[in-house]
Amino acid sequence: MDTAHRSFPILVALFVLLFGVTSSQPYEEFLQCLEFHDSNITSIVYTRANSSFSSLLESSIRNPRFDTSATPKPLLIFTPRQISHIQSAIRCSRAHRIQIRVRSGGHDYEGLSYSTISPSLTFLVLDLRNLRAIQVDVPSKTAWAQAGATLGELYYAIAAESRTLAFPAGMWPTVGLGGHISGGGYGSLLRKHGIAADNVVDAQVVDVEGRILDRASMGEDLFWAIRGGGNTFGIVIAWKIKLVPVPASVTACTVTRTLEQNATEIVHRWQYVVDKLSNDVFFMVVLNRVVNPIQANATTIQASFNSLYLGSIEGLILMMEAKFPDLGLRRENCVEMSWAKSILYFAGFPLNSPLESLLDRTISATGSAKFKGKSDYVKEPIPISGFEGIWEKLKEVGVQTGGLILASYGGKMSEIPESSIPFPHRAGNIYQVEEVAFWVEDGVEAADGYLNWLRGLYEYMTPYVSKNPREAYANYRDLDIGRNGGGGEGDYRRARSWGSSYYKNNFDRLVRVKTAVDPANFFRNEQSIPPLSSWR
Ligand code: FDA
């Protein structure tokens, strides 16, 4: 390279540092900036002109609702292979005023890791798919896992070392560790061991200045904030997690009951026992409309009770006969398996599926169906009449196109103080609710129909769920409950309303941390915690 060529990137970078850039082709200058920091870096940058751009973008869009021609697309996708690439991306994005959207597993309910609601926003996707190393250390019962790894990859790596260790996180294998733990992360071990973010003991983060921080160097405030407080305090590179003990064999069961089989009374009764059962039991109930199995050309409402027990089938049946006989649990409803296999069971894989299925990053939870979810917390049992109203709502949509998923709380969740980490939904909750709608039809009209139905269901639930604030789960992101400006510009007062739903009294501490670590609000999106300077 001659001298003129060598000095060109330096001049560009100097210009950028001194004056910033408002260019009509920001990506070219951004690329030159990257090249200045690392001469090989452009091989991991995919511009819109690159033939792999679309397939790369779509490969981890987990909600087809945000995979349309109308969805705003990034200027480029950047797939770092090492931390220095991320440091360069932050420096150059700041210099060129390009917003960064970080993507680990791509499951964001509102697509914010790869898209935006603002058509004019210039942004890039920093896709962490190449940063997914996992190191399990059985003697210390810990693991370091990079943020681009999926839950399935983590569970597989743990299972490869030990059948009696696990990690208390979510139940869908392709969910990414980056977003999941940043927002909390619950699964079948929550009543025994809390949520994923409760079990993080260290982390590696790149901050807005490009510094690589660990727990000691980031300090306890930032370390507190990244464990469930959303994900715009820095870029999480890796988590050090505490592994928890599980029996070599656990019991997974499914019992379905329709209205004709007393579903209403059983679900109603379930609410009185579920948070008081032994911490070894986790229950999830899926309520939806199905084809009636006993009446031709008719539909009914079905309650599907899925449970995980950290023990034997006999042990669970004895417990259910004593505490919840209404369910009528029988041996043939249950299967014993390793904890890692129970993840495949609950994800709907056939029983004989190999454990390697956990490594499949291409599986889709909804196929081509688009979806929207909302969430709630229930503190008092819903009366029978309340469920009858829910059934009426479910009858307004088609078979399996709308539903509710109830996940049992209590146990360890009630022992952890609300301010321990930003995720605040602890004592007093019987169960969490997810209200969800799915649709395959294309177009705005169809989408609006389902969205309106879902909003109507959410409205209907108001008297039965938490109030002041109406709590919501940050990992089930819902822009209906409030949002920042299109480019992510936050306004403290507006943000306080949705922020209290996700974080309750922890919201103000999150704002203070954000103000300290990213005062200019570089890491932002439509629902990021704003710094205090945004107070208007
Ligand atoms: P994605 O990559 O979309 O990231 C989500 C958010 O985190 C985005 O704002 C993104 O910018 C940010 N982010 C990602 N990586 C980051 C990083 N390294 N540093 C900083 N910010 C980062 N939840 C649950 O608790 N239990 C469950 O069982 C399930 N199951 C489930 C199934 C399916 C099919 C879906 C679609 C979702 C779930 N979830 C869930 C919700 C899930 O936990 C939530 O969507 C997570 O944010 C997903 O994390 P990903 O990394 O996959 O998403």
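Values as computed for the structure displayed
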| read-out | value |
| --- | --- |
| Relative contact order [Cα under 8 Å, 6+ residues apart], the chain, whole percent | 14 |
| Distant alpha-carbon pairs in the range 189-309 (separation over 22 angstrom), percent | 57 |
| Ranked order, LYS372, LYS73 - accessible area, probe 1.4 Å, largest first | LYS73, LYS372 |
| Rg(Cα) / (2.2 N^0.38 Å) computed for the range 125-174, rounded to two decimals | 1.15 |
| Accessible carbon and sulfur surface of the range 218-371 relative to its total accessible area, %, 1.4 Å | 52 |
| Rel. contact order, % - alpha carbon contacts under 8 angstrom, at least six apart, the range 236-321 | 40 |
| Gyration tensor over alpha-carbon atoms, the range 64-139, equivalent ellipsoid semi-axes in Å | 25, 18, 8 |
| Per residue, the convex hull volume that the Cα atoms of the range 299-407 enclose (Å³) | 166 |
| Residue-count net charge about ALA203 - beta-carbon cut-off 15 Å; Lys, Arg +1, Asp, Glu -1 | -1 |
| Under the Debye formula (equal points on every Cα, no solvent term), log10 I(q)/I(0) of the range 173-256 at q = 0.10, 0.16, 0.20 Å⁻¹ | -0.30, -0.65, -0.90 |
| Inter-probe distance in nm under a simple model that places probes 7 Å from Cα toward Cβ, at LEU351 and ASP508 | 5.5 |
| Cβ-placed point charges (K, R +1; D, E -1), dipole of the range 327-399 about Cα centre in debye, nearest 20 | 160 |
| Volume in Å³ per residue [convex hull over Cα atoms, computed for the chain] | 155 |
| Pairwise Cα inverse-distance average, inverted: Kirkwood Rh of the range 410-497 (Å) | 15.6 |
| Accessible area in square angstrom per residue, the chain, 1.4 angstrom probe | 39 |
| Rg and Dmax [Cα atoms of the range 369-517; Å; Rg one decimal, Dmax integer] | 16.7, 50 |
| Quotient of C-alpha Rg and 2.2 N^0.38 Å, computed over the range 89-132 | 1.19 |
| Whole-Å semi-axes of the range 462-536's equivalent ellipsoid (Cα gyration tensor) | 22, 13, 10 |
| Relative compactness, the range 49-93, computed as alpha-carbon Rg over 2.2 N^0.38 Å | 1.35 |
| Accessible surface of TYR272 - all protein chains present, 1.4 Å probe, nearest 10 Å² | 100 |
| Calculated on alpha-carbon atoms, Rg and Dmax of the range 352-404 in Å | 16.8, 45 |
| Span per principal axis, largest first, for the Cα atoms of the range 58-205 (Å) | 50, 33, 23 |
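The values are calculated or read from the model by the stated rules, or taken from the named source; none is laboratory data. Note that the coordinates shown come from a computational prediction; the quantities given were computed from them, not determined experimentally. When we count neighbours, we look across all protein chains shown, and the Cβ atoms used for this are built from the backbone with ideal geometry, even at glycine. Side chains are part of the model used for accessible areas, which takes the heavy atoms of the whole protein and leaves out ligands, DNA and RNA. Shrake-Rupley method; radii C 1.70, N 1.55, O 1.52, S 1.80 Å.
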